[in-house]
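**Q** Encoded as C-alpha cells, here's the structure I'll be asking about.
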Amino acid sequence: MSKKAILFDLDGTLLDTLQDLADSGNEVLAARGFPSHPVDAYRTFIGNGMMNLVRDIFPDGHRPDEGQETDQVLVEYREAYGRNWKNTTRPYEGINELLDTLTEQQIPIGVLSNKAHDFTEKCVDAFLSNWNWDVVLGAREGIPKKPDPAGAIEAAERLGVTAADCWFVGDSDVDMFTAVNAGMHAIGVSWGFRSVEELRAAGAEIVIQNPAELLK
C-alpha cells in the first residue's frame, strides 16, 4: 500500500476522550432524573456524532423526540461537554512519537471526526498543536457525517492526494466504512473504543496494536 497522506479519526484514535464524554452525558441524564451509565458503556454511544449520542444514552421509551426536544438535549450536552472536554482527555501513548515521525517524513496528516467541528478544533488545538495539520474537519452542518465519504473525500483534496493514496486510521466500524466508501485504505487501531472484530468485519485491511506499528 502506498502512503502519501494519513487521515486520522480523533476520539478513540488520537485522543482518549472517553471519560470526559461519559461525564458529560451522565450530567445530562442526572439533570433529567435518569440513571447514569458506566463509562465503558459510552464506547458504543460514541462515533456517530453528538446528536445520536444524546438520544442513545436515554433509556428505551424515554429517548427525546426528533426536533425541538432533541435539539434541547443537544444544547444541554454541549454545555456539559464545554465544562468537561479537557478534564481527563489526553493523547494515547505513542501518538506523540508517531506524529513526530510522520512530520519528519513530511507525510501530510489530517483529522476527520464526527465530533462537532468546534470541539474537534478545540481538542486538536489543546492536545495536538505541536504538529502542523493539513486539514482538521469535524461534523459540520450541510456535510453528511461518516460513514458518508463526503468529508473524507474533501479531506483528501485538502491533503493534496487522491483517496486511493490516503490511509484512514480509526477505531470504529464507522471509520472503516468511511474509508471503504471513500476508496481509502482502512487502518484500524485496537486501543480505541471498539473491538478488533468489529474493525475487521467493517473492512479494516490492517488492525494495528500500537501507534508505532503504523510506521512499519
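**Q** So how do E141, E154, E69 line up by other beta-carbon neighbours within 10 Å, fewest first?
**A** Lowest to highest Cβ neighbour count: E141, E69, E154.
**Q** Considering lysine pairs in the chain that are 8 or more places apart or on different chains, how many have Cα atoms under 26 Å apart?
**A** 16
**Q** Which net charge results when you count Lys and Arg as +1 and Asp and Glu as -1 among the other residues whose beta-carbon is under 12 Å from that of N130?
**A** -3
**Q** Considering all alpha-carbon pairs of the chain, what whole percent are spaced by more than 29 angstrom?
**A** Percent of Cα pairs beyond 29 Å in the chain: 22.
**Q** Indicate, rounded to the nearest 5 percent, the antiparallel portion of the DSSP beta bridges found entirely in the chain.
**A** Antiparallel bridges make up about 10 percent of those DSSP assigns within the chain.
**Q** Counting only C-alpha contacts under 8 Å and six or more residues apart, can you give the relative contact order of the chain as a whole percent?
**A** This gives 25 percent for the chain.
**Q** Considering amide H positions built from the backbone, and no H for Pro or chain starts, which residues 5 or more places from F8, or on another chain, come under 5 Å of its amide H?
**A** The answer is G110, V111, L112, V169.
**Q** When only alpha-carbon atoms count, how far does region 1-65 stretch along each of its three principal axes, as whole angstroms with the largest first?
**A** 51, 23, 14
We did not get these values from a lab; they are worked out from the coordinates using the rules stated. Because the structure is a prediction, the values reported are computed rather than measured. Heads up, the Cβs are rebuilt from the backbone with ideal geometry, glycines too, and the neighbour counts pull from every protein chain shown.
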